[in-house]
Structure formats: structure tokens, C-alpha cells
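The values are calculated or read from the model by the stated rules, or taken from the named source; none is laboratory data. A quick note: this is a predicted structure, and the numbers were derived from the prediction, not measured. FYI the Cβ positions are ideal-geometry reconstructions off the backbone, even for glycines, and counts take in every protein chain you see.
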Amino acid sequence: MYYRRPGAHRLHPDMSEQDARWAQAEAHAGFNGLLYTLPALWVNHPNRNALAAFPPVALAAAARSGLSVPRTLITNDLAEAREFVAALPGEVAAYKALGTTHPSDHDDRPQALWTTQVRPGEIDESVGRTAHQFQEWVDKAYEVRLTAVGCQLFAAEIHAGSAASRLDFRADYDSLTYKPCELPKHIARGVHMLMFTFGLRYAALDFLVNPQGRWHLIEVNPNGQWGFVPDLRAPITRALADLLERAHP
């Protein structure tokens, strides 16, 4: 069973907003509940996906698995946020969205929220409106996208070719270059342990590698992309197909 970014249930257009909320909840409990009971090999089971998609849970599990994770604060407290960033090297942090839902403009068009640098004086009272994630800034030599499929691990260096992609490679795909790479043994061990902890059969993990060669895990995405790395597109696709052909969970 391949489960990846399903859409919401489509409801009858004549329903009132109140009735639609009720119908959506009933459809989720009924149809999703039936689907989740199937004794299939899931890639991945929705419940396991949902847990691994919470950044605080994923980062804590990664640290327990022996992977290096930058110091991270999740808060809506102004003083706490400023104090945390001020204590970091260079008094600078990476500000990163926690979820996959992006804010919209006045025309309800989603706006990308890329990773940015933030300093204590740039954090204002608006931080109190919701949860925010601040992470120690890692001066990277390059990034690594590691894709785990079952027991197989596929990794590629991502080299940024612009100022925007050095902050967040998603901001400028055209400037990127890729190079398949070997994994240090301790990274492979940690990733296998992390996958086992969540019961995942697929995940995309992002690492920052500093000039000294130290790998820092910054994100675990159980629904992450893999097709954008040219040299790994076919091997990962084959590995997924082989995994899904298994007859038993």
C-alpha cells in the first residue's frame, strides 16, 4: 500500500459549512479507518507517517539514534526566542517552518516559507501568535538528501550555486548541482535506528555537512521528494517498486 500525500475527502457542494465539517469527520473516521485496517505492507502507514512528521518528535528520536542535531528551540515566547538566538554562535539562527502548510496571500495563494537567518533584534512580538522553530545555524559546505527505502540508503550531495539556495535549496533548484555520495557508517547506523523507531519503510532526510565533515540532521520527511536528484531517480524508483511488490507486511 503506497500512501503519499492524499487529498481531503470530496464532499457534496450543497452542504453547509457546519454539515461539511461533520461529514468530513465521519468520512475520515469511517473510510480512513477501514483503509488503515488493511493487512498490507504500507509505505508508510498513515499513523507512522503522522508521528514522524512532527519535527520535535523526529529530531528528538534522531538524537537518541546517535545522529547530530543542531540546537533547536520551539516557542511562542519573545524573550525566550531572543535569549536562545543570542546565545548561539554568531548570534544567528535558522528560522524554519514546522509544518507543510504555507501561509496564503490576500488572494488565497500559498506563499513559500523558506528557511531564513534571524538575529535577536529581528524577532518581535508577532512570535507570540503561534509556535516558531529556531535552530542553530550550521555553516555548511554542502547538504545531503538521504533517501531511505526499506533497508537501502541513497545519498546525494547538494551544492548550492546561489545565495538563496545556500539558505534553503528549495528556493533555487536551477542553481543546484548534485553528486551521489557514500554514507559514513555511523550515519547509516543512526538512520536505520531512526527508521526502526518510527516503523517507516520510506523517508527523506536532510543533512547539513560542515567544512570539517560533520553531518547534522535538520529534517525528517516521511513523504519527501526523491525525483529531483537525477542520478538517484531510477535507483530509488526501482527500490520502491521492489519494496511494494512484497507479498506480506
Legend entry - Conditions (1) free of Cβ contacts under 8 Å to residues at least 40 places away in the same chain; (2) over 26 Å from Ala112 (Cα atoms); (3) in contact with a strand residue (DSSP E or B) (Cβ under 7 Å, 6 or more places away or on another chain); number of the one not met by Phe196: (3)
Inset, instruction - Please verify whether segment 134-156 includes one or more residues that are buried (at least 19 other Cβ atoms within 10 Å of the Cβ), farther than 30 Å from Asp77 by Cβ, in contact with a Ser or Thr (Cβ under 8 Å, 6 or more places away or on another chain) and touching a residue at least 12 places away in the same chain (Cβ under 8 Å). - result: yes
Inset, instruction - Answer yes or no: is there a residue in segment 198-209 that is part of a helix (DSSP H, G or I) and surrounded by 14 or more Cβ atoms within 10 Å (Cβ to Cβ). - result: yes
Inset, instruction - Go through segment 215-233 and give me each residue that's loosely packed, with under 14 Cβ neighbours inside 10 Å and touching a strand residue (DSSP E or B) at 6+ places or on another chain (Cβ under 9 Å). - result: Gln225, Pro230, Asp231
Inset, instruction - Name the one entry in Pro222, Pro211, Pro230, Pro184 that is closer than 24 Å to Ala93 by Cβ, of a type outside the set (A, V, I, L, M, F, W, C) and touching a residue at least 24 places away in the same chain (Cβ under 8 Å). - result: Pro211
Legend entry - Whichever residue in segment 33-60 is aliphatic (A, V, I, L, M) and assigned to a loop (DSSP other than H, G, I, E, B) and, among such residues, is nearest to Leu244 (Cα to Cα): Leu41
Inset, instruction - Within segment 166-189, track down each residue that is over 20 Å from Ile236 (Cβ atoms) and within 17 Å of the chain's Cα centre (by Cα). - result: Leu167, Asp168, Ala171
Legend entry - Matching residues in segment 61-95 - criterion: being at negative phi, in a helix (DSSP H, G or I) and small (Gly, Ala, Ser): Ala61, Ala62, Ala63, Ala79, Ala81, Ala86
Legend entry - Condition met for Arg10 (assigned to a helix (DSSP H, G or I) and either of a type in the set (Lys, Arg) or surrounded by 13 or more Cβ atoms within 10 Å (Cβ to Cβ) (or both)): no
Inset, instruction - Starting from segment 1-23, take each residue that is without any contact (Cβ under 8 Å) to a residue 12 or more places away in the chain and list its partners that are surrounded by 10 or more Cβ atoms within 10 Å (Cβ to Cβ) and among the aliphatic types (A, V, I, L, M), counting only C-beta distances under 6 angstrom and pairs at least six apart or across chains. - result: Ala20/Leu11
Inset, instruction - Report whether or not Arg5 is modelled with pLDDT under 95, among the basic types (Lys, Arg) and surrounded by fewer than 15 Cβ atoms within 10 Å (Cβ to Cβ). - result: yes
Inset, instruction - Return a yes/no flag: does segment 169-188 have any residue that is more than 19 Å from Phe54 (Cβ to Cβ), surrounded by 21 or more Cβ atoms within 10 Å (Cβ to Cβ) and modelled with pLDDT under 95. - result: yes
